[in-house]
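Undergrad: For reference, the structure I am asking about is given below.
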Amino acid sequence: MEKVLFILCGGKGTRLGAITKKVPKPLIKLKGRAFILHLIKIYSPLFDRIVLLAGYKGKEFIKLKINKVDLKIEEKQLGTGGALIRIFEELPEQFFICNGDTFLWPLDLNEFIEFCENGKRTTLMLCEDEGKARGSVSITGNSVSEFKEKSGSENGLVYTGFCSIMKKDIIKWRARSKLSMEKEVFPTLAKECKLACYVGSSKIYDIGTHKGMQRFKELLNI
């Protein structure tokens, strides 16, 4: 089975103010290279194909021209799920998605990929972190029993932004244009007992804020 990773790159990055008025978040240069290139360097050896799902200033991504990396540009904001529904016919039966503004480290994706391919369920990668700005979850065994998008809770298990999706699990939404994975798809699948989880040990480095960007710069200096 071809392993395909879709990287969500459509956000406007409004929390970064003037920085993202010229370029989208994933193309912000950190240590001499666009942030998205740091992600691709880590992910490309593990996947047969990578697809960037761009929106805001999407044409800026055309300049990248990287082997094994395709680009899909949406003309208007469709949400994290809408970006996938837009290309529904092109989706494999199982695929992976991650956020284009988030770096996870340390990271052992081989174990996560094997877990997902063996389980054949839509699966979220979780870790221990602050839940204030991320999707927080409750779990029972290897299943997510409740998913809350940006709940504002204290430390606990949160969604890292990396997951495996079974195409059959999102077919009910294929007639939609705008759709949010975090606000609609994941909470629904959790209620239907169709959402699995994998608890990893990664730390989340989100460049969507100035503080998060500084944390990532410090990581590169280690």
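Undergrad: Using +1 on the beta carbon of Lys and Arg, -1 on that of Asp and Glu, and nothing else charged, what's the dipole of region 4-221 about the Cα centre, debye to 20?
TA: On the way: 37 positive and 25 negative charges, 228 e Å.
The dipole magnitude comes to about 1100 debye.
Undergrad: What order, most packed first, do the peptides 44-52, 67-75 have when packing is the mean number of other Cβ atoms within 10 Å of each residue?
TA: Ranking, from highest mean packing down: 44-52, 67-75.
Undergrad: Something else: Here are some pairs, K12/K59; K120/K183; K3/K167; which of them have Cα atoms lying more than 18 Å apart in this structure?
TA: Exceeds cut-off: K120/K183.
Undergrad: Average projected area of the Cα convex hull of region 1-65, in nm²?
TA: About 4.8 nm², averaged over all directions.
Undergrad: For the chain, with the dipole built from +1 on Lys and Arg beta-carbon atoms and -1 on Asp and Glu ones, taken about the Cα centre, which of C9, S143, T122 lies farthest toward the positive end?
TA: The one lying farthest along the dipole's positive direction is C9.
Undergrad: Over the residues of the chain, compute the C-alpha Rg and express it relative to 2.2 N^0.38 Å.
TA: 0.95
No lab work stands behind these numbers, since they all come straight from the coordinates. Remember, it's a predicted structure, so these values are computed and weren't measured experimentally. Counting neighbours? That spans all protein chains shown, and the Cβs are built from the backbone with ideal geometry, glycine included.
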